[in-house]
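Heads up, the thing below is written out as structure tokens.
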Amino acid sequence: MKNIKIAVMISGGGTNLQSLIDEVHNKSVGGEIVLVVSNREDAYGLTRAKSNGIKSIVINRKQYKSDSEYEQNLVNTLEEAEVELIVLAGYLAFIPIEVIKKYENRIINIHPSLIPSFCGKGFYGEKVHQEAIRRGVKVTGATVHFVNEEMDGGPIIIQKDVNVDFNDTVESLQKKVLKVEHEILPLAVRLFIDDRLRITDNRVNIL
């Protein structure tokens, strides 16, 4: 699968978006980022998209009268851009079930822990690292996985570990994990585009 059209969904600074933009620009990752979607108007990732000539849009559930109207607008936006792969890069809003079904095994997410640790409802952003430090774990990391109807429960594509030092703070641990995220998210996208991922019984085999 070559030169596919990618949508990246963000909520904040968009550093993972930037890492993907950089890899696409230097040809390390095939495909084209045709759309950036944010649920927040103040997300700096929107500025990154504009700076790189990528179409961007804000779609927030609060803008719509009902879930169905919100879902339909999101689906229409993705269809109009002819999106073939959706990348959730720090996107902190729920993905409608209809979108998950329509893009089955074509939505991937980056999560700042080694799933199944510190994942699921309530575990996002700094909260993940706070809990890792509170529990005194010696190793954490990041995970890229396919998205299904179970929160953080889709088939795992790639994981990479990070050592947790005794003197780590939430901020220092977040920086270490983010560095790893910037490595494995573009790699997962590349594997998808190169058609090297096979899913069997909720497990991913990398060819």
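Here are the numbers for the structure shown:
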quantity: Test: residue in the range 96-105 that is open to solvent by less than 60 Å² (accessible area, probe 1.4 Å) and on the phi > 0 side of the Ramachandran plot; calculated: no
quantity: Residue, nearest to G90 (Cα to Cα), within the range 160-179, restricted to residues that are buried (at least 19 other Cβ atoms within 10 Å of the Cβ) and of a type in the set (V, I, T); calculated: V177
quantity: Failed item, numbered, when V29 is tested on (1) at pLDDT below 95; (2) open to solvent by 10 Å² or more (accessible area, probe 1.4 Å); (3) of a type outside the set (S, T, Y); calculated: (2)
quantity: Test for V37: is it of a type in the set (A, V, I, L, M, F, W, C), modelled with pLDDT under 95 and at negative phi; calculated: no
quantity: Candidates V204, V180, filtered to the one that is of a type outside the set (S, T, Y), more than 16 Å from V87 (Cα to Cα), part of a helix (DSSP H, G or I) and touching a residue at least 12 places away in the same chain (Cβ under 8 Å); calculated: V180
quantity: Unmet criterion (only one of (1) open to solvent by 60 Å² or more (accessible area, probe 1.4 Å); (2) touching a Pro at 6+ places or on another chain (Cβ under 7 Å)) for H145; calculated: (1)
quantity: Options E80, E71, E126, E150: the member that is touching a helix residue (DSSP H, G or I) at 6+ places or on another chain (Cβ under 6 Å) and without any contact (Cβ under 8 Å) to a residue 40 or more places away in the chain; calculated: E71
quantity: Matching option when the condition is surrounded by 15 or more Cβ atoms within 10 Å (Cβ to Cβ), in contact with a helix residue (DSSP H, G or I) (Cβ under 8 Å, 6 or more places away or on another chain), in contact (Cβ under 8 Å) with a residue 60 or more places away in the chain and not in a loop (DSSP other than H, G, I, E, B), among I133, I108, I157; calculated: I108
quantity: Where T140 falls short, out of the listed (1) closer than 25 Å to V204 by Cα; (2) of a type outside the set (A, V, I, L, M, F, W, C); (3) touching a residue at least 40 places away in the same chain (Cβ under 8 Å); calculated: (3)
quantity: Residue that is nearest to V170 (Cα to Cα), among those in the range 111-130 that are hydrophobic (A, V, I, L, M, F, W, C) and open to solvent by 40 Å² or more (accessible area, probe 1.4 Å); calculated: F123
quantity: Pick from the range 160-171, criterion of a type in the set (D, E, K, R) and either under 19 Å from the mean Cα position of the chain (by Cα) or part of a strand (DSSP E or B) (or both), ranking: nearest to R203 (Cα to Cα); calculated: K160
quantity: For I21: the one exception among (1) touching a strand residue (DSSP E or B) at 6+ places or on another chain (Cβ under 9 Å); (2) open to solvent by less than 10 Å² (accessible area, probe 1.4 Å); (3) farther than 22 Å from D194 by Cα; calculated: (3)
quantity: Qualifying residue in the range 56-72 (condition: in contact with an Asp or Glu (Cβ under 8 Å, 6 or more places away or on another chain), open to solvent by less than 80 Å² (accessible area, probe 1.4 Å) and within 20 Å of A188 (Cβ to Cβ)); calculated: no
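The values are calculated or read from the model by the stated rules, or taken from the named source; none is laboratory data. What you see is a predicted model, and the numbers here were worked out from it, not measured in a lab. Glycine also receives a Cβ, built like all others from the backbone with ideal geometry; neighbour counts cover every protein chain displayed. Note: accessible area is taken over every heavy atom of the protein model, side chains too, but ligands, DNA and RNA are not part of it. Shrake-Rupley method; radii C 1.70, N 1.55, O 1.52, S 1.80 Å.
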